[in-house]
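Enquirer: The structure is given below, and queries will be raised subsequently.
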Amino acid sequence: MKKLLSIGLSLLFALGVVSALSSCSSSQTGETFEVGKNTFLLNGKPFVVKAAEIHYPRIPEPYWEQRIQSCKALGMNTICLYVFWNLHEQKPGEFDFTGNKDIAKFCRLAQKHGMYVIVRPGPYVCAEWEMGGLPWWLLKKQDVQLRTQDPYYMERVGIFMNEVGKQLADLQITRGGNIIMVQVENEYGSYGIDKPYVSAIRDMVKKAGFTDVPLFQCDWSSNFTNNALDDLLWTVNFGTGANIDEQFRKLKELRPETPLMCSEFWSGWFDHWGRKHETRDAATMVSGIKDMLDRNISFSLYMTHGGTTFGWWGGANNPAYSAMCSSYDYDAPISEAGWTTPKYFQLRDLLKQYLPDSVSLPEPPEAFPVIEIPAITEWQVAPLFANLPEPKQSENIQPMEMFDQGWGSILYRTTLTEDLSGILHIDEVHDWAQVFADGKLLGRLDRRHGEFTLPLKEALKKGTQLDILVEAMGRVNFDKSIHDRKGITKKVEVVSGDKATELKNWTVYNLPPFYDFVSKKAYKPGKAVEAPAYYRATFNLDKTGDTFLDMQTWGKGMVWVNGHAMGRFWEIGPQQTLFMPGCWLKEGENEIIVLDLKGPAEAKVVGLQKPILDMLREKAPETHRKDGQNLNLAAEKPVHSGTFAQGNGWQEVKFGAPVTGRYFCLDATSNYDGTNIAAVAEMDVLGADGKPVSRESWKIMYADSEETRSGNRTADKVFDLQESTFWQTVDNTAYPHQIVIDLGKSYQVTGFRMLPRAEAGAPGQIKDYKVYVKASDFKY
Ligand code: GLA
Ligand code: CA
């Protein structure tokens, strides 16, 4: 009875919602876009949104139109875009919507080609973009609480949103433009539960003038109810391979008459430095889209063309800290350089079948010409330490933001006032540090590996000049770690036994990544050095064209060509080339500047005809099982054993009684599909209050087997916060399969949650399992 009542109520509610959502203010042009019963309505007629997500700053402005035409020729009818707040307001109150940042022009170009537009103005956008699109200067407020109703944060969001409104509100379809939908926040369910906050953002979006088209929320099927507002359209995001019925099950239950839309269908995935290049199967992607179209489900293909995260705009994930590559190729149907791919044509063949009668697809536009650039080998060199700017003084260590610097590197220098020996502790390095004593390199620390200490081989004498050069890689763009201050966040100490000596009185040099800053150095003809240095060269071209700058022989740093910041490079890969758009090259003389923080093996840049995005050279093992390791559970007693249900979606397990411990082992003993494979997308451990404990300091201690040939299926994927990525064992190693996680500290553990991988019927569904929890690590 209770159940019937609640179904009835939700039906009534859903009907009410549909009518509330579809009411839209009067149209000046007669054109409308509305939420109807089980469908969108364009000018009153059913309409399936086939949107291509592309990002204007990831495409050089002269190429925008060609990319929009490529999306059109693919069979899409809409362009979906984020607005990147931190790109437009690099200094508080100074807005820039010109050139490559002219969002109104971008929308009008789409309209010129008969494409509608979905706008996603954030304020937070994720997108593997520096700080998820939020401006770094928000972090100058010590206690700022981003993506909450923190008054300062909200005040700044309001100002930004109004500026977006000034640019785009008049381009809503009702006013003669092509904007048909506007998004409120982004995947807020993966961040928190705070309807008042999401409501406040919704109100700001409306206040900015977005009143004439449906406003929507996008989230995961597992968490969209957390913040779902009654008067907004709900959509879900998921990737290639996902079980589509399962993804929409809950949404259909709650709103049986809402049009369904996958607001982000992930065509591929993004790359991290030091991890294998990501790809997703074309046939699986196409069949997912077919499934949706056959059910009249609207979608946006994220990304249809990823492009390039130029300059310093790449983001990072955490935990474990891991910065994004500059290429945002994404294994999307249109490649980084704007080329059609086999994936493109497979999808096009499908989309051709879903066109309105009498419509046929235009041919894809021609790709831009490609050139080679012969080796550039004659450089002028400006060693970084000989070219420092005016410093600032600070008694205490402070992060970069407090010195009014947003991006680049920062040098902290102090002179020791006493002899010191022991271990140097840097709390914390964000993100990659080199430590020098009187100019001699003592060591390098990499936040990705949690390296925050450096044993001093020799005592450092009083009077030694200690230099810590810290490079900021991308600010974290997902989850609470978006409060990611750069440089050194708290303090530096030398620890010897019980004694900790905090180092003070710092001379601080800001080394921003701006062309104005890097070009004005005392460059002199010279050879490559094994130390941080800027390199400058010129090269002549008799014709321009797109090319790929091969950085294989360089260490780590950034490149500028003709004043454009091209992006980061790092020898570890997998990306080895930087996409160089021909529209930023000139006939005649061109200039290239390279900042190499390590020093190149050979100072040489060649322009290649093809990208290299899949050459990983990281020395550290990708997997977590060391040679000869074998988890020994013989002497251990399980705290729980059970059987998982078959199917997709989260499963929660409560133990009979709480246990205390820091090391958590899941021992999978059998599976449902008869293969050798075990696969887990996400795991949570439940604490004393029955809620998931923080995964911030989790570490994989052991995984008996990890598949890295066909993709990044390492064990850390069970807590990378992404439901579409998973740990998978190799197919020729038999059960049982185990994973051991160090929770970072001891907890009272009352149970755990497990999310199997998201595809229907994919191998790896664990059936029987045992759980072990211990105060100390297991024996291997
Ligand atoms: C989520 C976000 C996007 C992007 C994708 C992964 O869906 O909403 O901005 O980060 O994940 O590429
Ligand atoms: Ca995952």
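The values are calculated or read from the model by the stated rules, or taken from the named source; none is laboratory data. Bear in mind that the values here come from a model prediction, so they are computed numbers and not experimental data. Cβ coordinates were reconstructed from backbone atoms using ideal geometry, including for glycine residues, and neighbour counts include every protein chain displayed. Only protein heavy atoms, including side chains, enter the accessible area calculation; ligands, DNA and RNA are left aside. Shrake-Rupley method; radii C 1.70, N 1.55, O 1.52, S 1.80 Å.
Enquirer: State all residues of the range 23-41 that are open to solvent by 20 Å² or more (accessible area, probe 1.4 Å), modelled with pLDDT of 95 or more and touching a helix residue (DSSP H, G or I) at 6+ places or on another chain (Cβ under 8 Å); if no residue qualifies, say none.
Expert: Answer for the range 23-41, where residues must be open to solvent by 20 Å² or more (accessible area, probe 1.4 Å), modelled with pLDDT of 95 or more and touching a helix residue (DSSP H, G or I) at 6+ places or on another chain (Cβ under 8 Å): GLU31, THR32, GLU34, LYS37, LEU41.
Enquirer: Further question: Hey, could you check the range 160-210 for residues that are assigned to a loop (DSSP other than H, G, I, E, B) and of a type in the set (Val, Ile, Thr) and say which is surrounded by the most Cβ atoms within 10 Å (Cβ to Cβ)?
Expert: VAL184
Enquirer: Can I ask one more? If I ask for residues that are among the small types (Gly, Ala, Ser) and surrounded by fewer than 24 Cβ atoms within 10 Å (Cβ to Cβ), which ones from the range 304-336 would you list?
Expert: GLY311, ALA320, SER322, SER335
Enquirer: Which residues, counting only those in the range 104-142, are β-branched (Val, Ile, Thr) and within 16 Å of ligand 1 (Cβ to nearest atom)?
Expert: Passing the criteria: ILE118, VAL119, VAL125.
Enquirer: Tally the residues that are buried (at least 18 other Cβ atoms within 10 Å of the Cβ) and either polar (S, T, N, Q) or more than 24 Å from the chain's Cα centre (by Cα) (or both), restricting the search to the range 108-124.
Expert: 5
Enquirer: In addition: How many residues does the range 713-729 contain that are among the aromatic types (Phe, Trp, Tyr) and over 16 Å from the mean Cα position of the chain (by Cα)?
Expert: Summing the residues that are among the aromatic types (Phe, Trp, Tyr) and over 16 Å from the mean Cα position of the chain (by Cα) in the range 713-729 gives 2.
Enquirer: For the range 176-216: of the residues being in contact with an Asp or Glu (Cβ under 7 Å, 6 or more places away or on another chain) and without any contact (Cβ under 8 Å) to a residue 40 or more places away in the chain, which is farthest from ligand 1 (Cβ to nearest atom)?
Expert: VAL198
Enquirer: Okay, moving on. If you check GLY744 against the conditions, is it outside the structural domain of HIS277 (by TED's automatic domain parsing), at pLDDT below 95 and at positive phi?
Expert: In short, no.
Enquirer: Next question. Sort out which residues of the range 722-759 are within 16 Å of ligand 1 (Cβ to nearest atom), closer than 24 Å to TYR321 by Cβ and open to solvent by 20 Å² or more (accessible area, probe 1.4 Å), and write them in order of number.
Expert: GLU723, SER724
Enquirer: Only one of (1) closer than 30 Å to LYS490 by Cα; (2) among the charged types (D, E, K, R); (3) touching a Phe, Trp or Tyr at 6+ places or on another chain (Cβ under 7 Å) fails for LYS140. Which number is that?
Expert: It fails just one condition, (3).
Enquirer: Follow-up. Kindly evaluate ARG275 against the criterion of being within 16 Å of ligand 2 (Cβ to nearest atom), of a type outside the set (Phe, Trp, Tyr), closer than 19 Å to ALA52 by Cβ and touching an Asp or Glu at 6+ places or on another chain (Cβ under 8 Å).
Expert: no
Enquirer: Give the residue that is nearest to LYS166 (Cα to Cα), with candidates limited to residues of the range 64-86 that are in a helix (DSSP H, G or I) and open to solvent by 10 Å² or more (accessible area, probe 1.4 Å).
Expert: Here the residue is GLU65.
Enquirer: Please go through the range 707-727 and pick out each residue that is more than 11 Å from ligand 2 (Cβ to nearest atom) and either in contact with a helix residue (DSSP H, G or I) (Cβ under 9 Å, 6 or more places away or on another chain) or in a loop (DSSP other than H, G, I, E, B) (or both).
Expert: THR708, ARG709, SER710, GLY711
Enquirer: Sticking with this one: Which residues, counting only those in the range 760-776, are surrounded by fewer than 17 Cβ atoms within 10 Å (Cβ to Cβ) and either at pLDDT 95 or above or not hydrophobic (A, V, I, L, M, F, W, C) (or both)?
Expert: Correct list: GLY761, ASP768, ALA775, SER776.
Enquirer: Give the range 668-690 a look and list any residue that's open to solvent by less than 10 Å² (accessible area, probe 1.4 Å) and either away from ligand 2 (no atom under 16 Å from the Cβ) or free of Cβ contacts under 8 Å to residues at least 24 places away in the same chain (or both), or say none.
Expert: Matches in the range 668-690: ALA668, LEU686, GLY687.
Enquirer: For the structure I just gave you, tell me whether PHE655 is within 16 Å of ligand 1 (Cβ to nearest atom) and either open to solvent by less than 20 Å² (accessible area, probe 1.4 Å) or in contact (Cβ under 8 Å) with a residue 24 or more places away in the chain (or both).
Expert: When the stated conditions are applied, PHE655 does not pass them.
Enquirer: How many residues, within the range 140-159, are within 13 Å of TYR197 (Cα to Cα) and either open to solvent by 20 Å² or more (accessible area, probe 1.4 Å) or outside any loop (DSSP other than H, G, I, E, B) (or both)?
Expert: Here the count works out to 9.
Enquirer: Testing GLU378 on (1) over 25 Å from SER694 (Cα atoms); (2) open to solvent by less than 10 Å² (accessible area, probe 1.4 Å); (3) out of contact with any Leu (no Cβ under 9 Å at 6 or more places or on another chain), one condition comes back false. Which one is that?
Expert: (2)
Enquirer: Kindly indicate whether GLN405 is away from ligand 1 (no atom under 16 Å from the Cβ) and crowded, with 17+ Cβ neighbours inside 10 Å.
Expert: In short, yes.
Enquirer: Which one of SER222, SER263, SER199, SER267 is among the hydroxyl-bearing types (Ser, Thr, Tyr) and within 16 Å of ligand 2 (Cβ to nearest atom)?
Expert: SER222
Enquirer: Moving on. Could you list all residues from the range 278-298 that are surrounded by 20 or more Cβ atoms within 10 Å (Cβ to Cβ) and without any contact (Cβ under 8 Å) to a residue 60 or more places away in the chain?
Expert: ARG280, GLY288, MET292
Enquirer: Identify, from the list SER326, SER358, the residue that is in contact (Cβ under 8 Å) with a residue 24 or more places away in the chain and not aliphatic (A, V, I, L, M).
Expert: SER326
Enquirer: Sort out which residues of the range 125-139 are more than 16 Å from ligand 2 (Cβ to nearest atom) and surrounded by fewer than 24 Cβ atoms within 10 Å (Cβ to Cβ), and write them in order of number.
Expert: Matches in the range 125-139: PRO135, TRP136, TRP137, LEU138, LEU139.
Enquirer: Within 16 Å of ligand 2 (Cβ to nearest atom), over 26 Å from ASP271 (Cβ atoms) and outside any loop (DSSP other than H, G, I, E, B): is that true of MET754 in this structure?
Expert: yes
Enquirer: Hey, among ARG695, ARG662, which residue is more than 21 Å from PRO736 (Cα to Cα), open to solvent by 30 Å² or more (accessible area, probe 1.4 Å), touching a Pro at 6+ places or on another chain (Cβ under 8 Å) and away from ligand 1 (no atom under 16 Å from the Cβ)?
Expert: ARG695
Enquirer: How many of the residues in the range 180-190 are away from ligand 2 (no atom under 16 Å from the Cβ) and closer than 14 Å to ASN237 by Cβ?
Expert: Of the residues in that region, 4 qualify.
The rows are residues; the columns are (1) part of a loop (DSSP other than H, G, I, E, B); (2) basic (Lys, Arg); (3) surrounded by 13 or more Cβ atoms within 10 Å (Cβ to Cβ).
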| site | (1), (2), (3) |
| --- | --- |
| ASN590 | no, no, yes |
| ILE593 | no, no, yes |
| GLY599 | yes, no, yes |
| ASP614 | yes, no, yes |
| ASP627 | yes, no, no |
| ALA635 | yes, no, no |
| ALA645 | yes, no, no |
